[in-house]
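Down below is the structure, laid out as structure tokens.
The values are calculated or read from the model by the stated rules, or taken from the named source; none is laboratory data. If you're wondering where the values come from, they're calculated on a predicted model, not measured in any experiment. All Cβ positions, even for glycine, are placed from backbone atoms using ideal geometry, and neighbour counts span all protein chains on display.
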Amino acid sequence: MANYIVLVKQVPDISQITDNAFDPVTGTLMRSRLASVTNELDTQALAMANYMKKISGDASAKIICLTMGPPMAEEVLRYSLARCADEVVLLTDRALGGADTWATANPLSFAIRKIATEIFKNETDYFVITGMQSVDGDTAQVPGQVAEELSVPCVAYVTDVQFKNGRFEFSRIISGGSEVVALRRSPAVITVAKYEYPLFATFGRNRWANRMELIQWGADDIKATSVGASGSKTAVIRVFPPGKSARKCQKIDKASDLAKIIMESFAQGNGQAEETADEGPGYILPESRPSNFERNFEGLSKDMDDFAFVCDKLRQLGVSAPSQIDDYLKQKIISESGNRLHRKSLEDMLKGLDITKPSYDGDVWVVAEHSDGQVHPATFELIGKARQLADCLGKQVGVVLAGWDLKNMTQELIWAGADDVYVSEHRLLKEFDPTAYRKAIAECIIKYKPQIVLFAATPQGRMLAPMVSYRCQCGLTADCTGLEIRDRSRLGQIAILMQTRPALGGNVMATITTKNSISQMATARPGVMKRLAEDKKRNGNVIERKVELTQDDLSLEIIQTEKGTGQVRLDSEVIVSGGKGMQNRDNYHRLLDALYSSLKSKLETTVEKGASRAAVEQGFAERIAQVGQTGTSVGPKLYIAIGISGAIQHMIGVANTEMIVAVNSDPTAPILKQCDYYVVGTAEEIIPQLVDALEKD
Ligand SMILES: Cc1cc2nc3c(=O)[nH]c(=O)nc-3n(C[C@H](O)[C@H](O)[C@H](O)COP(=O)(O)OP(=O)(O)OC[C@H]3O[C@@H](n4cnc5c(N)ncnc54)[C@H](O)[C@@H]3O)c2cc1C
């Protein structure tokens, strides 16, 4: 008999952001100004748990909802009770506040163990079900970390479930397609990426939910080992508004005007690929700087300014080493700073000026992703970034490659910039099984202790990284768009990795650093870091690692894999993509074919048809045509998105496009803020007009 623990979270409602929610000075979003709601994906997880209970035919199974948060998080538990939860647990304590994903997953896991012992009476057949990620963190890390703490399998990115032959079969998203898997053992953690069957509360159930007593636990009740800010392994050091999109976002009223713009822009090639947050090279280790007073590489610009001020003063005073400064000189600097510096901060800065040794040692590593004998393009981008970071640090670039039959991939990794390729080959790694892979990769990291480990923020990387990092006892930052080496000298941190990522649905950017860890780990968004030109003259080492695995290390049985086959030329200069807004397969082909033909003849260039994942799932287009994070990343001169909303997973795949044009019936569709030109209208109305105008031109 299986029971269910659903993890639910209260989050700010980022779908209703008004202008007064932004701080007028810093430009960042103020969370307290936003209403609180239940994280949407968690409501879908709740619906899936309810469905699993129903299809398993076990009416006595229990659904327990667990949340960690302030006392007001009780609201999400009442919401859950009103829908289908049998009991709910509120984990609340000041000591738990300020936690990163590590110190969130840890207490949640201890609470799950307590639920299993006390409520399920030590019954081990249960599923922990949760949304893939929450809108405030967007990390997708907690479920994987919970699975690792509990030493149980994790099935990520689940979109559907069926009950067959006495067990559950889960459909899930993978790079390039989808997969159906079953678990080899329970308990297990399931993360829900999309489940479109909402649950509604009845009036009677609502009344019952409001009367029900909640179970409330504090930190002492669960005896977790890492809680709050002090138990965290990452810290946010800076929050700032995202830069303005480099896209023009210009509304065009008539299809004929759009046709003119397309023709003219294409001829002039004046599109604009999106600026990345990647800030380029430049860091120099303190020991290689002309003077110890050069502190131009601090993490925060305020620190940089303070150091510039203090170092100028020291030079003026003829001081060559911070140790020469006595109380009188300190006081002089403080008073000349005009309240800018306090004694403690000055003393910390002076102490920092004495430190030149980097805080971390070891190489810069990339965890390679591959399938069907091909290295994932994002791996090459990460090697390009790792090369830049390693060169700043005077270290080597290592790539860890786990799988089966890998020999033909090592050379390519070296040509792309790797110095050492660590190969963990085993027959049981033939198919990607997260539990077996994380064991092989973590063992290698634990042995060689690289100072930085980068994973691609693909579905595979985002599933693997939380498990590997938790196993290696290291902090992890998700979905970075900027990675650079900087100092925080006054905190004694030299040559550390600043990890910058979007948060709150892209409404703010945050820079994060790692703490209490041997390696600094991050996943990086595909399409943002730059791949180096292949250098066939490069040499490197291939280090073969023995990996011990048995059937017990496998967690999943792969029942079916659906991946794109066939030929599409997504490297064409023009791509016309259709989304779910095309309404049906006939529209997709009829309208896009017409546009395809006129663009091909008018622009005299290569044109291809693409699709969003939703269009593929609706059966409008073949899987191979899918553009985006789990499809193909493209970089054409012109990308025309028709009936595509602009979900992050789609837009990641078109970031390197020169000019993006959108046609959408919804004037508030997110893509309209991420494109160069757009027309508001239906595909059925606008495409024939656009084709006509192109033909007449
Ligand atoms: C792990 C993971 C990986 C993913 N990978 C990818 C990926 O690689 N690629 C990808 O595309 N998605 C991916 N997705 C899915 C992604 O989150 C979105 O669900 C998907 O991109 C939505 O596709 P869409 O824009 O076609 O559909 P919708 O979001 O449903 O948008 C349809 C749009 O069409 C508009 N519309 C409706 N009717 C009309 C009409 N008659 N004429 C014009 N416009 C109309 C609507 O206003 C709307 O904006 C992934 C999701 C997850 C969780």
| When you look at Ala641, is it within 12 Å of the ligand (Cβ to nearest atom), buried (at least 24 other Cβ atoms within 10 Å of the Cβ) and either free of Cβ contacts under 8 Å to residues at least 12 places away in the same chain or more than 20 Å from Met529 (Cβ to Cβ) (or both), yes or no? | yes
| message | Within segment 591-598, does at least one residue satisfy the condition of being away from the ligand (no atom under 16 Å from the Cβ) and in contact with a helix residue (DSSP H, G or I) (Cβ under 9 Å, 6 or more places away or on another chain)? | response | yes
| query | Taking Ser612, is it closer than 19 Å to Ser665 by Cβ, of a type in the set (S, T, N, Q), in contact (Cβ under 8 Å) with a residue 40 or more places away in the chain and surrounded by 20 or more Cβ atoms within 10 Å (Cβ to Cβ)? | reply | no
| task | Please verify whether segment 517-525 includes one or more residues that are surrounded by fewer than 24 Cβ atoms within 10 Å (Cβ to Cβ) and farther than 30 Å from Gln626 by Cα. | result | yes
| Meets criteria (at pLDDT below 95, near the ligand (Cβ under 9 Å from one of its atoms) and in a loop (DSSP other than H, G, I, E, B)) for Thr630 | yes
| task | Please indicate, with yes or no, whether at least one residue in segment 243-258 is touching a Pro at 6+ places or on another chain (Cβ under 7 Å), β-branched (Val, Ile, Thr) and surrounded by 13 or more Cβ atoms within 10 Å (Cβ to Cβ). | result | no
| query | Is segment 602-613 home to any residue that is within 14 Å of the ligand (Cβ to nearest atom), within 21 Å of Gln268 (Cα to Cα) and part of a helix (DSSP H, G or I)? | reply | no
| remark: Pairs returned, first residue in segment 201-228 that is of a type outside the set (Ser, Thr, Tyr), second residue that is loosely packed, with under 13 Cβ neighbours inside 10 Å, beta-carbon separation under 6 angstrom, 6 or more apart or interchain, are none
| field | Qualifying residues in segment 445-467 (those that are touching a Gly at 6+ places or on another chain (Cβ under 9 Å) and part of a helix (DSSP H, G or I)) - the one surrounded by the fewest Cβ atoms within 10 Å (Cβ to Cβ) | value | Tyr448
| query | If you go through segment 389-406 one residue at a time, do you hit one that is in contact (Cβ under 8 Å) with a residue 60 or more places away in the chain and among the β-branched types (Val, Ile, Thr)? | reply | no
| note | Scanning segment 293-312 residue by residue, those assigned to a loop (DSSP other than H, G, I, E, B), surrounded by 17 or more Cβ atoms within 10 Å (Cβ to Cβ) and touching a helix residue (DSSP H, G or I) at 6+ places or on another chain (Cβ under 7 Å) turn out to be Phe293, Arg295
| request: Can you confirm whether segment 392-406 contains a residue that is touching a Lys or Arg at 6+ places or on another chain (Cβ under 8 Å), under 27 Å from Ser288 (Cβ atoms) and at pLDDT below 95? | output: no
| field | Single residue of segment 645-697 satisfying the filter (under 28 Å from the mean Cα position of the chain (by Cα) and polar (S, T, N, Q)) that is surrounded by the fewest Cβ atoms within 10 Å (Cβ to Cβ) | value | Thr668
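With a cut-off of at least 1 residues that are within 16 Å of the ligand (Cβ to nearest atom) and among the aromatic types (Phe, Trp, Tyr), name the strands (runs of 3 or more DSSP E) lying wholly within segment 145-205.
154-164, 167-174
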| query | So which of Lys515, Lys530 is at pLDDT 95 or above and within 20 Å of the chain's Cα centre (by Cα)? | reply | Lys515
| Restricting attention to segment 191-206, which residues are surrounded by 11 or more Cβ atoms within 10 Å (Cβ to Cβ), out of contact with any strand residue (DSSP E or B) (no Cβ under 7 Å at 6 or more places or on another chain) and charged (D, E, K, R)? | Arg205
| Residue list for segment 644-661, restricted to those being outside any loop (DSSP other than H, G, I, E, B), in contact with a helix residue (DSSP H, G or I) (Cβ under 8 Å, 6 or more places away or on another chain) and near the ligand (Cβ under 9 Å from one of its atoms) | Ile648, Gln649, His650, Met651
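So is Gln567 at pLDDT below 95, among the polar types (S, T, N, Q) and over 30 Å from Ala235 (Cβ atoms) or not? Steps first, answer last, please.
Numbers: at pLDDT below 95: yes; among the polar types (S, T, N, Q): yes; over 30 Å from Ala235 (Cβ atoms): yes.
Here the answer is yes, as Gln567 does meet what is asked.
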| note | The number of residues in segment 574-585 that are away from the ligand (no atom under 13 Å from the Cβ) and surrounded by fewer than 19 Cβ atoms within 10 Å (Cβ to Cβ) is 1
